[in-house]
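> Just passing along the structure, written as C-alpha cells.
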Amino acid sequence: MGEILNKIKKHIEDMGNKKFINNLFIILIGSIILLIGVSFFTKEDKKTELPTRIGEEKAPSKYDYNEYLEYELANILGKLKGVGEVNVMITLEDSIESIPASNTNKIIETTKEIDSEGGSREVNREDINVQMLSNDDNSLVVIKSINPTVKGAIVVAEGAEDLAVLENIYEAVKTVLGISGNKVQVYSSK
C-alpha cells in the first residue's frame, strides 16, 4: 500500500505546488487514520439480550415463548387492584414447533410384466423428493409455528393474602393461559 501511496504522491508532485500537495497528502492520511480509529471505538454489538428477570425494562422476544408468557402475565397481573410486585413461573410441555415450507415431488411408476409362460407381475415404484425452501440468508421459510402447551403456572404476588385478590389472580391466570385450575398455584410473597 505504501508503494501505491508513493506513486500517487509522486504523480501529484509532478503536477506542481509541492507545499499544497504535501499538506493535502498529510490531511488525507490523517483522515484515514481517524476514520479507522472512530470505527474501531464505536462498534456496537447488534445482539439484543433478553432480560433475565421479570420486571426488567425490555420485554422478552416472542421467540422465547416461555419468557414472553411469563413477562406478559406478570405485567398484566401487576395491574390488578390490590396486587403489588408479581413473579410468574410457567412450565411448558415442549418447545415451539415450526413447520417449514417445502416443495414435494411424488412420482409413482407402475410396470406390468408378462413372461413367456403367461405369468404376470406388477412392479410399483414410488419416488418422493422433498426440498426445503429457504430465504436469501439460508434460513428456512416457516409456514406455521405451533406454540407449546402450558403444563402449569405458579404466581407469587404481593397482596395475594387477601382472598378476593387471590381469586382474581387465580381466575386471570386460568383465563389467559387457557388451563384448568389444578394447574395454577397462587401464593402471597414475603
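> GluC sites (Glu not before Pro), restricted to segment 137-190: which are DSSP loop and have at most 13 other Cβ atoms within 10 Å?
Working: sites: E158, E161, E167, E171; in loops: E158, E161.
Within segment 137-190, the qualifying GluC sites (Glu not before Pro) (loop, at most 13 other Cβ atoms within 10 Å) are E161.
> Could you please report the charge total around I107, scoring K, R as +1 and D, E as -1 over all other residues with beta-carbon less than 15 angstrom from its beta-carbon? Please report the intermediate quantities before stating the final value.
Working: positive: K106, R125; negative: E109, E126, D127.
Surrounding charge for I107 is -1.
> Placing one identical point scatterer on every Cα of segment 119-190 and ignoring solvent, what is log10 I(q)/I(0) from the Debye formula at q = 0.16, 0.19, 0.23, 0.25 Å⁻¹?
With one equal scatterer per Cα and no solvent, log10 I(q)/I(0) is -0.71, -0.82, -1.02, -1.11.
> In nm, give the distance between the simple-model label positions of L5 and I32, each being 7 Å from the Cα along the Cα-to-Cβ direction.
It works out to 0.5 nm between the two label points.
> Oh, and also: State whether segment 98-152 is rounded, prolate or oblate according to the following rule on the C-alpha gyration tensor (a ≥ b ≥ c being the square roots of its eigenvalues): a/c under 1.5 gives rounded; otherwise a/b larger than b/c gives prolate, and the remaining case gives oblate.
On the way: a/c = 8.27, a/b = 2.56, b/c = 3.23.
Oblate.
> For the cross-link pairs K106/K151; K81/K183; K79/K144; K79/K183; K79/K151, which exceed 31 Å when the distance is taken from alpha carbon to alpha carbon?
On the way: K106/K151 39 Å; K81/K183 23 Å; K79/K144 33 Å; K79/K183 22 Å; K79/K151 24 Å.
Cα-Cα > 31 Å for K106/K151; K79/K144; rest within.
> So, one more: Each residue of segment 111-117 in turn: what ³J(HN,Hα) in whole Hz from Karplus with 6.51, -1.76, 1.60 and θ = phi - 60°, glycine and Pro shown as x?
10, 10, 10, 10, 8, 5, 8
> If you keep only loop residues by DSSP, which trypsin sites (Lys or Arg not before Pro) in segment 79-117 have at most 14 other Cβ atoms within 10 Å of their Cβ?
On the way: sites: K79, K81, K106, K112; in loops: K79, K81.
Sites meeting the loop and neighbour criteria: K79, K81.
> Give the residue list of chymotrypsin sites (Phe, Trp or Tyr not before Pro) in segment 55-147 that are DSSP loop and have at most 10 other beta-carbon atoms within 10 angstrom.
Taking segment 55-147 and a limit of 10 other Cβ atoms within 10 Å, the loop chymotrypsin sites (Phe, Trp or Tyr not before Pro) found are Y63.
> What does the charge count near L92 come to, summing +1 for each Lys or Arg and -1 for each Asp or Glu among other residues with Cβ under 14 Å from its Cβ? Mind showing how you got there, number by number?
Values: positive: K151, K183; negative: D64, E67, E70, E93, D94, E97.
Surrounding charge for L92 is -4.
> Report the full-extension gain for the segment K106 to L80: residue separation times 0.36 nm, less the Cα-Cα distance, to one decimal in nm. Present the calculation step by step, with values, prior to reporting the outcome.
Working: separation 26, 0.36 × 26 = 9.36 nm, distance 5.61 nm.
Additional length available on full extension: 3.7 nm.
Every read-out reported here was derived from the displayed coordinates using simple, explicitly stated rules and does not represent laboratory data. Computed from a prediction, not measured in an experiment: that's the story for all the values here. As a convention, Cβ positions derive from the backbone with ideal geometry for all residues, glycine included, and neighbour counts pool all protein chains shown.
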